[in-house]
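Data first, discussion second: the structure below is written as structure tokens.
The values are calculated or read from the model by the stated rules, or taken from the named source; none is laboratory data. Small disclaimer: the values here were computed from a predicted structure and weren't measured. Because the Cβ atoms are built from the backbone with ideal geometry, glycine has one as well, and the counts that use them run over all protein chains shown.
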């Protein structure tokens, strides 16, 4: 008796509809066969490998005449009922790109027929995936898979387009503090797409009833997320309090670090400069010279008696160094260039040594 009840329960479960899922674990046709497909078709087949496919199954899909009956009854764009122009969704002042959008809806019967066509196309995709699970697709099966997947995508886009005004109207009326309209629309669109994939028209209620609750839930989630963010970061970013000299200070730190390395190399003479080369470098760039601190008490902006200013020593010109050493300006330039090349090689060697040690 228990076995009989189990069989009856299983048969009833098979006869009922519901959401069906299946992963696309198939192998592409051989390369020789793929040459018959376009690049777009091959990219689509590669993308479908491993993807999760869904459909809201109805027992009528298994009938031999299901395809003809379902698509013959599916509504065409000319059958759509438009709202009165006064009810057109107009967000021109808030979200300008949708300013001229017209709201279109389906009757309850046409909506059911359109969803049935959408899910039948997805059912045919699942049927192919199940047939060739863990196997290589044939050329005809690959063509059917591309055709049915493209048809389901087209119908999905049409259903989303027909109901996008629902998201916009609800986002405009939500008025959640701290959340911009664009964020609400984005979250609402994602919720709408999820609803299209999971809506079961056989249950007897309209899609808008089902989608409204999901969209409101999405708005609630983004509001809670924004609230948590504001609790962690109570002060918004303000460019007026940002230190505008950040890059200048960072550049000065790098320059000072390089200057310190150069001074150390000169002090220990690791570049093996001659006495003349050391004199030229010291005189030309005043690298080894000490900075001077001067006091300025003329500023009325501070109460202290002075402001400290650091003044770097000034290097000599080529003529001045030449006169000091008793050589021509050109000779000073030659000595300078040779000394700089030695210093450059030494500092580069130090850098790569430090890098290799840290790595």
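Let me confirm something: among 205, 237, which residue is part of a loop (DSSP other than H, G, I, E, B), at pLDDT 75 or above and out of contact with any helix residue (DSSP H, G or I) (no Cβ under 6 Å at 6 or more places or on another chain)? Result of the check over 205, 237: 205. Considering 127, 151, the condition of being outside any loop (DSSP other than H, G, I, E, B) and over 31 Å from the mean Cα position of the chain (by Cα) is satisfied by 127 alone.
Which of the following residues is in contact with a strand residue (DSSP E or B) (Cβ under 9 Å, 6 or more places away or on another chain) and surrounded by fewer than 17 Cβ atoms within 10 Å (Cβ to Cβ): 203, 136? Of 203, 136, the one residue that is in contact with a strand residue (DSSP E or B) (Cβ under 9 Å, 6 or more places away or on another chain) and surrounded by fewer than 17 Cβ atoms within 10 Å (Cβ to Cβ) is 136.
Need at least 3 residues that are out of contact with any helix residue (DSSP H, G or I) (no Cβ under 9 Å at 6 or more places or on another chain) and at pLDDT 55 or above per element, so show me which helices (runs of 4 or more DSSP H) inside the stretch 254-359 make the cut, counting only ones lying wholly within it. First the steps, then the outcome.
On the way: elements: 275-285, 318-325, 329-358.
Those helices (runs of 4 or more DSSP H) span 329-358.
For residue 166, the criteria (1) in contact with a helix residue (DSSP H, G or I) (Cβ under 7 Å, 6 or more places away or on another chain); (2) at pLDDT 90 or above; (3) farther than 16 Å from residue 24 by Cβ hold in every case but one, which is (2). Per the conditions (1) assigned to a helix (DSSP H, G or I); (2) farther than 25 Å from residue 19 by Cβ; (3) without any contact (Cβ under 8 Å) to a residue 60 or more places away in the chain; (4) more than 22 Å from the chain's Cα centre (by Cα), the sole criterion not satisfied by residue 225 is (4).
Answer yes or no: is there a residue in the stretch 134-155 that is modelled with pLDDT under 90 and either closer than 25 Å to residue 44 by Cβ or not assigned by TED's automatic domain parsing to the domain that holds residue 196 (or both). Yes: the stretch 134-155 contains one or more residues that are modelled with pLDDT under 90 and either closer than 25 Å to residue 44 by Cβ or not assigned by TED's automatic domain parsing to the domain that holds residue 196 (or both). Restricting attention to the stretch 177-193, does a residue exist that is in contact (Cβ under 8 Å) with a residue 60 or more places away in the chain, more than 23 Å from the chain's Cα centre (by Cα) and in the same structural domain as residue 125 (by TED's automatic domain parsing)? Checking the stretch 177-193: not a single residue is in contact (Cβ under 8 Å) with a residue 60 or more places away in the chain, more than 23 Å from the chain's Cα centre (by Cα) and in the same structural domain as residue 125 (by TED's automatic domain parsing). The set of residues in the stretch 154-201 that are within 23 Å of residue 129 (Cβ to Cβ) and not in a helix (DSSP H, G or I) comprises 199, 200.
What about residue 79, is it modelled with pLDDT under 90 and in contact with a helix residue (DSSP H, G or I) (Cβ under 8 Å, 6 or more places away or on another chain)? The answer is yes for residue 79.
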